[in-house]
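One structure is given below, encoded as C-alpha cells.
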Amino acid sequence: MTSHSNLNARSKAVLITGAAGGIGLALVSACLQHGWYVFANVRNQASWRSLQSTLEKQCSDSSQYCQPLVYDVTEPEKVKGAFNEIRKSGKQLQGLVNNAGVMQDSALGMTSLSDFTQQMTVNVTASFQHMQLAARLMTRQKSGSIVNVSSIVALDGSAGQVAYATSKAALLGMTKSAAKELAPSGISVNAVAPGFIDTKMTATYQDQKREKVLAQIALGHEGKPSDVSALVLHLLSTEAAYITGQTIKVDGMMKLN
Ligand code: NAI
C-alpha cells in the first residue's frame, strides 16, 4: 500500500491513533474517502494487515493513501519516532485524532491503582504527548485541527467506571486549555463524546446488561462507528475552523443513570 506511486497527490495528512479498532476503522475509512492522506497508528503488524484488507474492500480507490505507523501509544520514544516519520514524509499534518483508548469496568473499591494508571496512561498521557508533538508541526504551518475522543461518561459520570470517566474527563480539560493556547496559531482543538457505540469495547455488554443501556438512549439503539466518524470528519475540515474548545456529544440522547 505505502509503496504505490502518486502518493504525493494527497498532501493534507491526518494521524489517527487506535486505527484498527471499531471507531478507528470508521475514521480511517471516512478520511480516505474525503481526500485525506492517513497515518494509521496500529499496535502490531497483524492489526495493520487486518485494517489493510478491510480498507482494500471498503475503499479500494483510496486505500493506497493509508500508511501504517506501528507503535504502542504509551511508549514515548516510539511516539516521537512516529512523528519524525511524519515530518520526514513531507506531508502536512493537518489533523490529529486521539482515538486509541481503553476502558475497564470496575467499582471504585475494586479498581487497582495499576488499572487506574493504565487507563490514565493510554487515554490521557498518550493523548497529551500526541497533541504536544502535533501542535509543534501545526504551529509552524499555522493551521490544523485536533480531535480528542472522550466519552459522555466524562460529562455525566458512570457508576462502575470511575477510573475510565476520570481519564475521559481529563481529556476535556486538556481540550479546552489547548484550544485557548493554540487558537492564535490557527489550530482548533475539540472533543467528541460518544455514548454507546457498537464496537469491540462494548461487545461485553450482552443480554440484560445491553437492554439496560439501550433503555437509557432516547433513540433506542446503539450508535455505529460511522456516526462518530462523520462528526470527527467535520471537525477536521476547514469548514469547521471556527469551532474550537467544544465537546460535542454523539449519543442518540443518552441519559446515564
Ligand atoms: P476498540 O476497542 O474497538 O478500539 C480501541 C483501539 O485503541 C484498539 O484498536 C486498540 O488496539 C487501540 N489501543 C488501545 N491501547 C492502545 C495502545 N496502548 N497503543 C495503541 N493503540 C491502542 O474501541 P472503540 O469503541 O473503537 O474506541 C475508540 C475510542 O472511542 C476510545 O478512546 C474509547 O474510549 C472511545 N469511546 C468509545 C465508546 C463506545 O461505546 N465504543 C463510547 C465513548 C468513547
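Nothing in this text is a laboratory measurement; each read-out follows from the coordinates by a stated rule. The shown structure was predicted, so the numbers you read here are calculated from the model rather than taken from an experiment. FYI the Cβ positions are ideal-geometry reconstructions off the backbone, even for glycines, and counts take in every protein chain you see.
Condition (residue is in contact with a Cys (Cβ under 8 Å, 6 or more places away or on another chain), closer than 26 Å to residue 175 by Cβ, in contact (Cβ under 8 Å) with a residue 60 or more places away in the chain and part of a strand (DSSP E or B)) applied to the stretch 94-104: is it met by at least one residue? Reasoning before the result, please.
First pass over the stretch 94-104, keeping only residues in contact with a Cys (Cβ under 8 Å, 6 or more places away or on another chain): 95.
Filter once more, so that each one left must be closer than 26 Å to residue 175 by Cβ: 95.
Adding the requirement that they be in contact (Cβ under 8 Å) with a residue 60 or more places away in the chain leaves 95.
Checking which are part of a strand (DSSP E or B) leaves us with 95.
Yes, because at least one residue in the stretch 94-104 is in contact with a Cys (Cβ under 8 Å, 6 or more places away or on another chain), closer than 26 Å to residue 175 by Cβ, in contact (Cβ under 8 Å) with a residue 60 or more places away in the chain and part of a strand (DSSP E or B).
Restricting to the stretch 162-200, name every residue that is touching a strand residue (DSSP E or B) at 6+ places or on another chain (Cβ under 9 Å) and assigned to a loop (DSSP other than H, G, I, E, B).
Matches in the stretch 162-200: 186, 195, 196, 198.
May I ask you to list the residues in the stretch 201-237 that are away from the ligand (no atom under 13 Å from the Cβ) and assigned to a helix (DSSP H, G or I)? Give the steps one after another, and end with the answer.
We begin by selecting, within the stretch 201-237, every residue away from the ligand (no atom under 13 Å from the Cβ); these are 206-209, 211-212, 215, 218-220, 230, 233-237.
Correct list: 207, 208, 209, 211, 212, 230, 233, 234, 235, 236.
Checking residue 138 against (1) touching a residue at least 24 places away in the same chain (Cβ under 8 Å); (2) touching a helix residue (DSSP H, G or I) at 6+ places or on another chain (Cβ under 6 Å); (3) outside any loop (DSSP other than H, G, I, E, B); (4) not basic (Lys, Arg), which single condition isn't satisfied?
(2)
For the subset of the stretch 214-237 comprising residues that are among the aliphatic types (A, V, I, L, M), in contact (Cβ under 8 Å) with a residue 40 or more places away in the chain and in contact with a strand residue (DSSP E or B) (Cβ under 9 Å, 6 or more places away or on another chain), which member is surrounded by the most Cβ atoms within 10 Å (Cβ to Cβ)? Quick ask: steps written out before the conclusion?
Keep residues of the stretch 214-237 that are among the aliphatic types (A, V, I, L, M), which gives 214-215, 217-219, 228, 230-233, 235-236.
From the residues that got through so far, the ones that are in contact (Cβ under 8 Å) with a residue 40 or more places away in the chain too are 228, 230, 232-233, 235-236.
Now restrict to residues that are in contact with a strand residue (DSSP E or B) (Cβ under 9 Å, 6 or more places away or on another chain): 228, 230, 232, 235-236.
Working: 228: 25, 230: 14, 232: 29, 235: 23, 236: 27.
Filtering the stretch 214-237 for residues that are among the aliphatic types (A, V, I, L, M), in contact (Cβ under 8 Å) with a residue 40 or more places away in the chain and in contact with a strand residue (DSSP E or B) (Cβ under 9 Å, 6 or more places away or on another chain), the one surrounded by the most Cβ atoms within 10 Å (Cβ to Cβ) comes out as 232.
Scan (1) over 30 Å from residue 209 (Cβ atoms); (2) outside any helix (DSSP H, G or I); (3) polar (S, T, N, Q) for the single condition residue 129 breaks and write down its number.
The one condition residue 129 does not meet is (2).
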